[in-house]
Amino acid sequence: MSVLLEVKGLTMDFGGLRAVDSVGLEVRQGEIVALIGPNGAGKTTFFNCVTGIYTPTGGDVLVHPPGKKTRRINGLKPNVITTTGMARTFQNIRLFPNMTVLENVMIGRHCRTTTNIIGAVLRGKRTRAQERETIEKSYRLLEKVGLAELAGEFANNLPYGAQRRLEIARAMATDPFLLLLDEPAAGMNPQETHELDALIVRIRNEGNMSILLIEHDMKLVMNISDRIYVMEYGKEIAKGTPQEIRNNPKVIEAYLGEEVHA
Amino acid sequence: MQSFKKSVFVALWFMFLTFPLLVVRVNTLKGEVEWRWMNMLWVGIVFFILSYVWRAALERKGQKKANNLDEDGEEILGFRQRLFQDPVIYRKVIAAVLIAAVIFPFVFSSYQINIMVLALIFVVLGLGLNITVGLAGLLDLGYVAFFGIGAYSYALLNTLYGWNFWFCLPIGGLVGALFGVLLGFPILRLRGDYLAIVTLGFGSIAKIVFENWDGLFKGASGIANIERPGFFGLEMSLEQSTIYTYFLMVLMVIFTVFVVNRLKDSRIGRAWMALREDEIACVAMGIDMARTKLSAYAFGAFWAGLAGVIFSARNTYINPNSFTFMESAIVLSIVVLGGMGSIIGVIIAALALILMPEYLRAFADYRMLAFGGIMVLMMIFRPQGLISDVRRKYDLSALQKKKEAKT
């Protein structure tokens, strides 16, 4: 399996605070990789460094897009990183609230379409074809996440779980090879989490995408991940298969406190 | 009953507040204090009525919101919404408006045509600013600067080099757009209050430059003898020229509506709207923020430049006083009153705001008072503007059918 994302010694300082301390991580083709850790461990900061929202202080973030040249993406703008093929969702949902569900997904197609101002004004054959394609692809994605019936609804009128799924559909619209999900199950009830679980696996299997996710819901993580990385206080303390992580004393200590040992 | 009681309290409170000003008067000549109790009574009555009406209106607004949802929880479309969504109705309305626009100059005097031309110029300005403020959500308090830049570029090119109107029209627009980009660069990272201050400053700088650069812009005395728009060198009387400018402006408005409408429903318009909704999400979805912001500024400024060229050609004389903050404020009010992002709303608001003061000259003294009052009332009762932005409906029936066929 070829490696898609390779992070080596990633470090992020905020003033005197080292939020992420030389963390390494790898995502291979077709994998679901989870990044877990207690609150404040630096998981989201790690995500923001990888997706270009922050410029990391040190280390390398390398992407190996399938069939393309390897690129070091430290300090590139988020939109450039998305264009290389890594799309993300947000921990606190960031949809476009006053746009319709369909339009939200259509925004994801922006970086894969080319109509310019003149083309948009003249609305020639190519523009119309592109627009039709955008609508069709977006609608298919909505069907995939089960939101097709709500296509004309405003995004802020959706229930919480549906908003999370819409964010995933929007990220998928950018044709990524790697999907980064920041706590996709946060705030969901067990039923919704279960559905999400199935959705993520289906996306991986059907969409030929790899997935890197941050999650607190242990059941979901253990169920679907191929490999797990654990962070605490900005450092990586463990990595391995779910089975290995479950029995790793360091992880148990990080999650349950030292009393377990005593 | 509740609102009655509250209104009584409000009235009493105002009677108390205005007591020292309206009731007590110290007559220094006679050395005695006059008590004008009647004033107190009037204050009480007037504020009671105002408060009561106010409360009733707010209550009705609340009820309306509740009633607007039918059993399915879907909003029932009001008449206005239906007007813009039912093609049969709106085609008829558009036809009627066009016919009225064609007949207009042959019925009314050239004074009225002139006012109408001015109003149409503000329609174009409003539609232009609507791109920056309404669609892309970038506040611009110095919009009039681009209008001025367009106007001065035609004035200078015409008086110095004798370039004609038609040649200068696109140049004016492009110069406006260029300055839009120039303003855009330094403020790419700014948001909210800071953006407001910088754009306000830009507007003021433009006016000060026009006023004080005597060598180029002729300072406060302005530039005179600017050529009117020509028609293949045809000689025209003043009245004919006015009518000609009017039709030119009508075409200009149609052109603007056409272009803005197409852009709004395109990939670029969607990117602008996404930028307005959430910048970080927008960037994370692969939209180049710098490019999108700059294009919104440039495109908004482009229309201001075009409008500026027509403005100086219509007036044949311009000076810096036509490009004060007041004009920026009016254009911004047009956008806010009309409804952010709504093309029809902006057109109606522009016509209302420019034509009303002209036809209500008798009340000129109260103009700003009424203006402020209307703004406050609008923000409370219809914060989304006269006509809220009608969203495009995408035709999904074909896609839905395909799915059914598959299953």
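The values are calculated or read from the model by the stated rules, or taken from the named source; none is laboratory data. In this text the structure is predicted, and so the values were computed from the model without any measurement. Reconstructed Cβ throughout: ideal geometry from the backbone, glycine too, with neighbour counts over all protein chains shown.
Just checking, how many residues over the stretch A:85-112 are out of contact with any Phe, Trp or Tyr (no Cβ under 9 Å at 6 or more places or on another chain) and of a type in the set (S, T, N, Q)?
Residues meeting the conditions: 2.
Among (1) among the basic types (Lys, Arg); (2) in a helix (DSSP H, G or I); (3) facing another protein chain (nearest Cβ under 10 Å), there is one condition residue A:94 misses while meeting the rest; what is its number?
Looking at each condition in turn, residue A:94 falls short on (2).
Tell me, which helices (runs of 4 or more DSSP H) wholly within the stretch B:75-166 include 3 or more residues that are under 26 Å from residue B:326 (Cβ atoms), within 24 Å of the chain's Cα centre (by Cα) and at pLDDT 95 or above?
B:110-129, B:144-161
Do we find a residue being touching a strand residue (DSSP E or B) at 6+ places or on another chain (Cβ under 8 Å), within 10 Å of chain B (Cβ to nearest Cβ) and part of a strand (DSSP E or B) anywhere in the stretch A:156-179?
No, there is no match, as no residue in the stretch A:156-179 is touching a strand residue (DSSP E or B) at 6+ places or on another chain (Cβ under 8 Å), within 10 Å of chain B (Cβ to nearest Cβ) and part of a strand (DSSP E or B).
Please go through the stretch B:376-393 and pick out each residue that is exposed (fewer than 13 other Cβ atoms within 10 Å of the Cβ) and either among the aliphatic types (A, V, I, L, M) or away from every other protein chain (no Cβ under 14 Å) (or both).
B:376, B:377, B:379, B:380, B:381
Identify, please: which residue in the stretch A:180-191 is in a loop (DSSP other than H, G, I, E, B) and free of Cβ contacts under 8 Å to residues at least 60 places away in the same chain and is, among those, surrounded by the most Cβ atoms within 10 Å (Cβ to Cβ)?
Checking each candidate, the answer is A:185.
Looking at the stretch B:268-285, can you tell me whether even one residue there is within 30 Å of residue B:231 (Cα to Cα), touching a residue at least 60 places away in the same chain (Cβ under 8 Å), in the same structural domain as residue B:139 (by TED's automatic domain parsing) and in a helix (DSSP H, G or I)?
no
Quick check on my filter: what residues within the stretch B:218-227 are under 10 Å from residue B:317 (Cα atoms) and either of a type in the set (Phe, Trp, Tyr) or part of a loop (DSSP other than H, G, I, E, B) (or both)?
Selection gives B:222, B:224, B:225, B:226, B:227.
Mind checking which residues of the stretch A:216-262 are outside any strand (DSSP E or B), within 24 Å of residue A:48 (Cα to Cα) and either among the β-branched types (Val, Ile, Thr) or in contact with an Asp or Glu (Cβ under 6 Å, 6 or more places away or on another chain) (or both)?
Listed by number, the residues that qualify are A:220, A:221, A:224, A:226, A:234, A:251, A:254.
Of the residues that make up the stretch A:192-199, is at least one under 20 Å from residue A:108 (Cα atoms) and assigned to a helix (DSSP H, G or I)?
Scanning the stretch A:192-199 turns up at least one residue that is under 20 Å from residue A:108 (Cα atoms) and assigned to a helix (DSSP H, G or I).
Only one residue in A:85, A:75 is more than 8 Å from every other protein chain (Cβ to nearest Cβ), within 20 Å of the chain's Cα centre (by Cα) and modelled with pLDDT under 90, so which one is that?
One residue alone meets the criteria, A:75.
May I ask you to list the residues in the stretch A:17-54 that are assigned to a loop (DSSP other than H, G, I, E, B) and farther than 17 Å from residue B:286 by Cα?
A:29, A:30, A:31, A:37, A:38, A:39, A:40, A:41, A:42
Among the residues of the stretch B:276-294, which ones are in contact with a helix residue (DSSP H, G or I) (Cβ under 7 Å, 6 or more places away or on another chain) and facing another protein chain (nearest Cβ under 10 Å)?
Across the stretch B:276-294, the qualifying residues are B:276, B:279, B:282, B:283, B:284, B:285, B:286, B:287, B:288, B:289, B:292.
Give the stretch A:135-152 a look and list any residue that's more than 10 Å from chain B (Cβ to nearest Cβ) and farther than 23 Å from residue A:208 by Cα, or say none.
Once the filter is applied, which keeps residues that are more than 10 Å from chain B (Cβ to nearest Cβ) and farther than 23 Å from residue A:208 by Cα, the stretch A:135-152 yields only A:150.
Name the single residue that is surrounded by the fewest Cβ atoms within 10 Å (Cβ to Cβ) among those in the stretch A:56-82 being part of a helix (DSSP H, G or I) and free of Cβ contacts under 8 Å to residues at least 40 places away in the same chain.
In this case the residue turns out to be A:80.
I'd like to check something: does the stretch A:114-134 contain any residue that is under 28 Å from residue A:67 (Cα atoms) and touching a residue at least 40 places away in the same chain (Cβ under 8 Å)?
no
Got at least one residue in the stretch B:304-316 being in contact (Cβ under 8 Å) with a residue 12 or more places away in the chain, within 14 Å of chain A (Cβ to nearest Cβ), in a helix (DSSP H, G or I) and in contact with a Phe, Trp or Tyr (Cβ under 7 Å, 6 or more places away or on another chain)?
Checked against the condition, which is being in contact (Cβ under 8 Å) with a residue 12 or more places away in the chain, within 14 Å of chain A (Cβ to nearest Cβ), in a helix (DSSP H, G or I) and in contact with a Phe, Trp or Tyr (Cβ under 7 Å, 6 or more places away or on another chain), the stretch B:304-316 yields no hits at all.
Those residues that are at the interface with chain B (Cβ under 9 Å from one of its Cβ atoms) and either more than 16 Å from the chain's Cα centre (by Cα) or among the small types (Gly, Ala, Ser) (or both), I need them from the stretch A:47-72; list them, please.
A:52
Would the stretch A:113-127 turn up any residue that is outside any helix (DSSP H, G or I), more than 9 Å from every other protein chain (Cβ to nearest Cβ) and loosely packed, with under 15 Cβ neighbours inside 10 Å?
Yes, that holds for at least one residue.
Out of all the residues in the stretch A:192-221, which are modelled with pLDDT under 90 and surrounded by fewer than 16 Cβ atoms within 10 Å (Cβ to Cβ)?
Matches in the stretch A:192-221: A:206, A:208, A:216, A:218, A:219.
Per-residue answers, yes or no, for (1) of a type in the set (Gly, Ala, Ser); (2) at pLDDT below 90; (3) closer than 27 Å to residue A:53 by Cα; (4) not in a loop (DSSP other than H, G, I, E, B):
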{"residue": "B:175", "(1), (2), (3), (4)": "no, no, no, yes"}
{"residue": "B:203", "(1), (2), (3), (4)": "yes, no, no, yes"}
{"residue": "B:232", "(1), (2), (3), (4)": "no, yes, no, no"}
{"residue": "B:235", "(1), (2), (3), (4)": "no, yes, no, no"}
